[in-house]
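The values are calculated or read from the model by the stated rules, or taken from the named source; none is laboratory data. Computed from a predicted structure; not experimentally measured. No Cβ is skipped: glycine too gets one built from the backbone with ideal geometry, and neighbour counts run over all protein chains shown. Heads up: the accessible areas ignore ligands, DNA and RNA and are worked out on the full protein's heavy atoms, side chains in. Shrake-Rupley method; radii C 1.70, N 1.55, O 1.52, S 1.80 Å.
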Amino acid sequence: MFFLYNLLVIFAGFLLKIIAFFSPKIKLFVNGRTTVFATLKEGIQPSDNVIWFHAASLGEYEQGLPVMEAVKVKYPHHKILLTFFSPSGYEVRKNNTIADLTLYLPLDSQKNAVEFITLAHPEMVFFIKYEFWPNYLKQLQERQIKTYLISGIFREKQAFFKWYGGFYRAALHSFEHFFVQNEKSKQLIQSIGFTNVTLSGDTRFDRVQMILERDNTLDFIEQFTWDTTKNEKATIIVIGSSWPKDEQLIVNYINQAPENVKFIIAPHNIKSEQIAQLKSQIQQKTILFSEKENKKSLSEYTVFIIDTIGILTKIYSYANIAYVGGGFGNPGVHNILEPATFGVPIVIGPNYTHFAEASALVNIEGCISISNFDTLKNAFDLLLQNEDERYEKGHICSTFVQMNQGATQAILRYLK
């Protein structure tokens, strides 16, 4: 089975190089891996003590960040190696300050796994949420390197739990311990014979709670939120990580929105042509983040489009209501925990059931799921017109985050 798997990986490598000529994202994926071994050889010396964290993409990085920070404190003389599989994670966080070295993870061929593990020679390894690469795991097991899965999620549809999944089940024996997010994942992994599992919860709750401890002030947002006609702060609706299907509904609402309501839109895709198209559809007075230095007073505008990255979390701190995008696509809604931690009521699209925190918040009525313009309008109107309802749902959200903290400490207790 390993032979067939390795053939498939080699074939995928050749195919990706061809696709890279036509896809900028795949080009980053391919080109970003060409210098990995040289960088690794230069950045990690044979005498270094190394702890390796691997994240599939940006979401997993954010999920693993509380553990990385805690491990860095616990092991101050070790180097932290961080790898990403996806360009959407690496390109955004390649200049992070937590890791001593940040790289793409080479494709999971036997040759790559041997060379990577030899050069990195980690003492401990943390895989975040999922990412089960058989060749890497085999090398880690053979070299008796302690490997942990943190914030793990298992689902019945995964190959581990099928009759044909013996090859993948064998790879799981490489893990010293599994720290999983929910009871269902614990039961599933135990059903195939693994008892080295702890229900620790989701480290993202620890991550978002840390957000409250930092300075979230943004002077230009402070200025924008002021309503000059009434000389008071406007009611702010923040639309985060929106996609075109979200924006179709949002723009329709903005164009008929009541007075004293302002909108901040932070699209998922900030390509200039898509931003220009979005702006052209809005009939209210609108400004882009990239234009703000040329304007004297942001408070004169009703809509603020954020055509940059990295500040959405801070912007959520100014929200009275948050709409989190992605819920009309696949796999679904983006991160709702960031606005939730600020005690903001949340509105999302219909595709959220793959995300436990979204399902939970919808069930306890901190979050409203909508499916079309009418339900969006009803949700926004309810939250704008009924302050008690708005505060109650916001309180549910913040309490939910507080009640689910502690995953990082559970992992650290085990490491002790």
For Lys233, distant residues with modelled amide H under 5 Å away: Asp227
Per-selection Rg to Rh, the chain - Cα, Kirkwood hydrodynamic radius: 0.99
Separation between Cα centres of region 230-259 and region 26-91, rounded to whole Å: 38 Å
Accessible area (Å², per residue) of region 216-403, counting only protein heavy atoms and a probe of 1.4 Å: 45 Å²
Rg in Å to one decimal, and Dmax rounded to a whole Å, for region 166-249 via C-alpha atoms: 22.8, 67
Mean Cα-pair separation over length for region 1-201, i.e. relative contact order, pairs under 8 Å, 6 or more apart, %: 17 percent
Rh (Kirkwood; distinct C-alpha pairs) - region 122-220, Å: 14.9 Å
Per residue, the convex hull volume that the Cα atoms of region 193-238 enclose (Å³): 125 Å³
Straight-distance crosslink candidates among aspartates and glutamates, where the alpha carbon sits under 19 Å from Lys129 and sequence neighbours closer than 8 are dropped: Glu60, Glu62, Glu69, Asp108, Glu156, Glu176, Glu183, Asp202, Asp206, Glu338, Glu357
Of Lys233/Lys279; Lys230/Lys393; Lys25/Lys262; Lys94/Lys377; Lys186/Lys271; Lys25/Lys111, those spanning more than 30 Å from alpha-carbon to alpha-carbon: Lys25/Lys262; Lys94/Lys377; Lys186/Lys271
Cα gyration tensor shape of region 1-157, rounded if a/c is under 1.5, else prolate or oblate by comparing a/b with b/c: rounded
Cβ charges +1 (Lys, Arg) and -1 (Asp, Glu), total dipole of region 188-297, debye: 240 debye
Longest to shortest principal axis, alpha-carbon extents of region 216-403, angstrom: 44, 35, 30
